[in-house]
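Below: the structure, in structure tokens.
The values are calculated or read from the model by the stated rules, or taken from the named source; none is laboratory data. Predicted, not measured: the structure shown is a model, and the values here were computed from it. Here the Cβ positions follow ideal geometry from the backbone for every residue, glycine too, while neighbour counts run over all protein chains shown. Side chains included, ligands, DNA and RNA excluded: accessible areas come from the protein's heavy atoms. Shrake-Rupley method; radii C 1.70, N 1.55, O 1.52, S 1.80 Å.
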Amino acid sequence: MLSELIQLADRLSLNGSSPFMKKKIHWFIDLNAEGKLISISPTVSHWKKTKDGETQENRGKEYLSPIAFYIKQNEKGEIIAAGGGGKAVAEPGIGNIPEIFCKEISVDKNKVYIQPLKESDKYKYANLVSLHRNFADAYQNNYLAKAIYNFLQESTSISLEELISKTFNWNKDEESYKKKMTEVATETFSFRVSGKLILNDSAFKKWWEKEFNDHRNEILSALPEGVDLLSVERNSHCKLTTVFPHISGVPKGGPYCPLASFDKEPFQSYGFDSTTTPMSLENAEKVGVSLNWLLHDNYSHLRIKGSDIVSVFWVIPNSCETKLVKPTFVSLLESDDPLEVKEYLSSPWTHSRDDIETSHFYLALISSPRSRITLRSWHTDTLRNTEGRLKSYFQTIIMALNGEDNTFSISELAGVTVRKGKNSSPLPNTYVSLFETALFGSPIPHKLFKAVLIRQGVEMAKGAEEKDFEKRLAARGAVIKLFFKTNKKGGDMTQEKHDVENNSGYLCGRLLAMLDKIHSVAHQKSGGTKNSPANRVYSVASKTPALIFPRLCDLARHHLNKMGGGLAYNLEFGIPKDKRKDGVDEDWEGLAEICRRFNETSNQCFPRILSLEDQGRFAIGFYYERERCKKMPETQSKENIDQNTDQNQKEG
């Protein structure tokens, strides 16, 4: 992975030692030439509509902003991370509320508090003031430098609560006030003086470029020499870094989140201390700038909803003329729009044939559980293989739901493996497994398959009145289908093959759904019932059919006899195609036909125990039959049947 990221930096001519990087700025502090506060105004990148249909600003625009060099020397002369240990690093021209106003905003359940920084945190404000003092001293005739420095010297005396209420026009009594204040507490501010943005000032840029490069050269001279195994010339000596650059954009990454910590496990393994993975400063910077670029490019990363995992991906074509192909199809993995997925499946390849055959697709899944990056998965393949597997994945997870095709995002599929609720989150490996299945055809693990079956039994027992019951049932079916597809133990379990499946577990699932249909129809006239056989006995029926099905069949016989008439007859014996009112040219199978198929398969005996895999087949058979029973066709009247028969004889 490291080599590929270095090649990406070279391919895109990314400068890993640049003193500037694009950052999102949320607010401008407007000052006059003397540094007096005029106003604070938001930066709005675009407007978006909320679920309620209201228009809401999407605050924050990207500007090329100064960044601090990520390495420093401590009092002992040791090389350490500038942002290590959770320490904030000041960067000129930008800052948050603690750095600019020496205050912090905290929100609890009932109130918003604005308080001065603790003594241990006041360095954040002092460091920003020190940087702007240096800028003002270096460019004494620059009015922006003077104005911002003057403002920062007085900013601690500003009543932040009064400033916010007046400038932002936010009502403290509104329910949204706490949410807004929570957002502001972490957002970034910059400065405008007499309408001119400090980030665009040429003198400011020149000053910071010199400061950054002087500091970098000082650190470079103090670094140890050695051999970088990732360099093209492996025998040549270079300056080896002992600190890795900060990677921004990783969930829970914090102020300093390196890809590797050379003084931590596993780099101290085998007693080799930090010499296990030597890397030059230049290559470390290239890896860092590539990862940061991928995490900020909208077409090169995907955040997985409900998790702390983010994927980064890119395609490198063999042609040197094309620098990069952006695999936009990956974003479909978080789409739950069946029309969008169907359009992708019916479309031709998204790239030219040469690109598909020769281009290489790279993907990494990363997270940051301990303030440094954890690489959860790394894969490479050709673009053709990747897109082919993705299309196969989508074709597998499409499930009929209430008569319409439905699809699911990765986060939705992961979500059905655990109890629904805010305090219940899928394991990171669940997201990783689904991602690897979608893009690289990796088999669904048995552990994940088992978790889905357990949830199936639990949620069926709770009943169909639960919120999102239908969609979660369909999503579990999609995961089960993926298991059989990728483990080659059942192939494509599509609804088109539903009527010809002859596995005893599958047919038991069909039978339960049909018995459930008979039960619900029998109770319609009495106002219906929430206590159906499927909800009551699903878990037992899917594991030990012989224990429960004889009783269920006796109960169904009782219901059919009690109902009587044409409806009971159709439920038991089905509807021939020539009697269907909808004109569909196939018979609608009833209870008797399902029992006939079952008797042929299982020698007229219900299985005592179903294996874990047969429990999965049971679930698919149950789901498809349940959907089929929802669309039970109406029958034609005798007069219409006679007319159709005469017409067919004439045509014959």
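In table form, for the structure just shown:
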| read-out | value |
| --- | --- |
| Conditions (1) over 24 Å from residue 249 (Cα atoms); (2) part of a loop (DSSP other than H, G, I, E, B); (3) modelled with pLDDT of 75 or more; number of the one not met by residue 322 | (3) |
| Residue in the range 68-90 that is closer than 26 Å to residue 192 by Cβ and touching a Leu at 6+ places or on another chain (Cβ under 8 Å) present | yes |
| Hits in the range 490-499 - residues which are touching a helix residue (DSSP H, G or I) at 6+ places or on another chain (Cβ under 6 Å) and surrounded by fewer than 17 Cβ atoms within 10 Å (Cβ to Cβ) | 495 |
| Positions within the range 417-472 being open to solvent by less than 20 Å² (accessible area, probe 1.4 Å), in a loop (DSSP other than H, G, I, E, B) and hydrophobic (A, V, I, L, M, F, W, C), in sequence order | 444 |
| Within the range 588-605, considering residues that are open to solvent by less than 40 Å² (accessible area, probe 1.4 Å) and under 43 Å from the mean Cα position of the chain (by Cα), the one farthest from residue 508 (Cα to Cα) | 588 |
| Any chance residue 105 is modelled with pLDDT under 90, crowded, with 16+ Cβ neighbours inside 10 Å, under 31 Å from the mean Cα position of the chain (by Cα) and farther than 22 Å from residue 258 by Cα | yes |
| Residue satisfying condition, being part of a helix (DSSP H, G or I) and in contact with a Phe, Trp or Tyr (Cβ under 6 Å, 6 or more places away or on another chain), within set 621, 566 | 621 |
| Long-range neighbours under 8 Å by Cβ, at least six apart or interchain, first residue closer than 14 Å to residue 608 by Cα and assigned to a helix (DSSP H, G or I) within the range 535-558, second open to solvent by 100 Å² or more (accessible area, probe 1.4 Å) and of a type outside the set (Lys, Arg) | 540/547; 543/609 |
| Filtered residue count, the range 561-588, keeping only those that are of a type in the set (Gly, Ala, Ser), within 21 Å of residue 496 (Cα to Cα) and touching a residue at least 24 places away in the same chain (Cβ under 8 Å) | 0 |
| Flag if residue 502 is outside any helix (DSSP H, G or I), open to solvent by 30 Å² or more (accessible area, probe 1.4 Å), in contact with a Lys or Arg (Cβ under 7 Å, 6 or more places away or on another chain) and of a type outside the set (Lys, Arg) | yes |
| Candidate set from the range 606-635 (those that are hydroxyl-bearing (Ser, Thr, Tyr) and at pLDDT 90 or above); member that is nearest to the chain's Cα centre (by Cα) | 623 |
| Selection count, the range 184-202, where residues are open to solvent by 70 Å² or more (accessible area, probe 1.4 Å) and on the phi < 0 side of the Ramachandran plot | 4 |
| Elements of type helices (runs of 4 or more DSSP H) in the range 134-200, at least 1 residues being hydrophobic (A, V, I, L, M, F, W, C) and over 36 Å from the mean Cα position of the chain (by Cα) | 143-154, 160-167 |
| Strands (runs of 3 or more DSSP E) (entirely within the range 66-113) containing at least 3 residues that are out of contact with any Ser or Thr (no Cβ under 7 Å at 6 or more places or on another chain) | 71-73, 103-107 |
| The one condition in (1) surrounded by 14 or more Cβ atoms within 10 Å (Cβ to Cβ); (2) modelled with pLDDT of 90 or more that residue 11 fails to fulfil | (2) |
| Members of the range 362-411 found to be within 19 Å of the chain's Cα centre (by Cα), open to solvent by 50 Å² or more (accessible area, probe 1.4 Å) and farther than 20 Å from residue 299 by Cβ, listed by number | 369, 375, 376 |
| Odd one out for residue 288 among (1) in contact with a Pro (Cβ under 9 Å, 6 or more places away or on another chain); (2) at pLDDT 90 or above; (3) of a type outside the set (Phe, Trp, Tyr); (4) open to solvent by 20 Å² or more (accessible area, probe 1.4 Å) | (4) |
| Neighbours by Cβ (under 8 Å, 6+ apart or cross-chain): first from the range 331-350, assigned to a loop (DSSP other than H, G, I, E, B); second open to solvent by 40 Å² or more (accessible area, probe 1.4 Å) and at pLDDT 75 or above | 336/412; 349/384 |
| Only listed residue being open to solvent by less than 60 Å² (accessible area, probe 1.4 Å), touching a residue at least 24 places away in the same chain (Cβ under 8 Å) and closer than 24 Å to residue 391 by Cα, chosen from 513, 414 | 414 |
| Tally of residues being charged (D, E, K, R), farther than 15 Å from residue 92 by Cβ and either in contact with a Phe, Trp or Tyr (Cβ under 8 Å, 6 or more places away or on another chain) or free of Cβ contacts under 8 Å to residues at least 12 places away in the same chain (or both) across the range 119-150 | 1 |
| Residue 217, sole failed condition from (1) over 13 Å from residue 142 (Cα atoms); (2) more than 39 Å from the chain's Cα centre (by Cα); (3) touching a residue at least 12 places away in the same chain (Cβ under 8 Å) | (3) |
| Single match in 518, 480 (criterion: open to solvent by less than 10 Å² (accessible area, probe 1.4 Å) and closer than 30 Å to residue 421 by Cβ) | 480 |
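Here is a yes/no grid of residues against (1) among the charged types (D, E, K, R); (2) modelled with pLDDT of 85 or more; (3) buried (at least 22 other Cβ atoms within 10 Å of the Cβ); (4) assigned to a helix (DSSP H, G or I):
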{"position": "244", "(1), (2), (3), (4)": "no, yes, yes, no"}
{"position": "255", "(1), (2), (3), (4)": "no, no, no, no"}
{"position": "265", "(1), (2), (3), (4)": "yes, no, no, no"}
{"position": "277", "(1), (2), (3), (4)": "no, no, no, no"}
{"position": "283", "(1), (2), (3), (4)": "no, yes, yes, yes"}
{"position": "308", "(1), (2), (3), (4)": "yes, yes, no, no"}
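Every residue, every condition in (1) over 22 Å from residue 627 (Cβ atoms); (2) modelled with pLDDT of 90 or more; (3) open to solvent by 50 Å² or more (accessible area, probe 1.4 Å), yes or no:
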{"site": "543", "(1), (2), (3)": "yes, yes, yes"}
{"site": "551", "(1), (2), (3)": "yes, yes, yes"}
{"site": "562", "(1), (2), (3)": "yes, no, yes"}
{"site": "567", "(1), (2), (3)": "no, no, yes"}
{"site": "576", "(1), (2), (3)": "no, no, yes"}
{"site": "581", "(1), (2), (3)": "no, no, yes"}
{"site": "586", "(1), (2), (3)": "no, no, yes"}
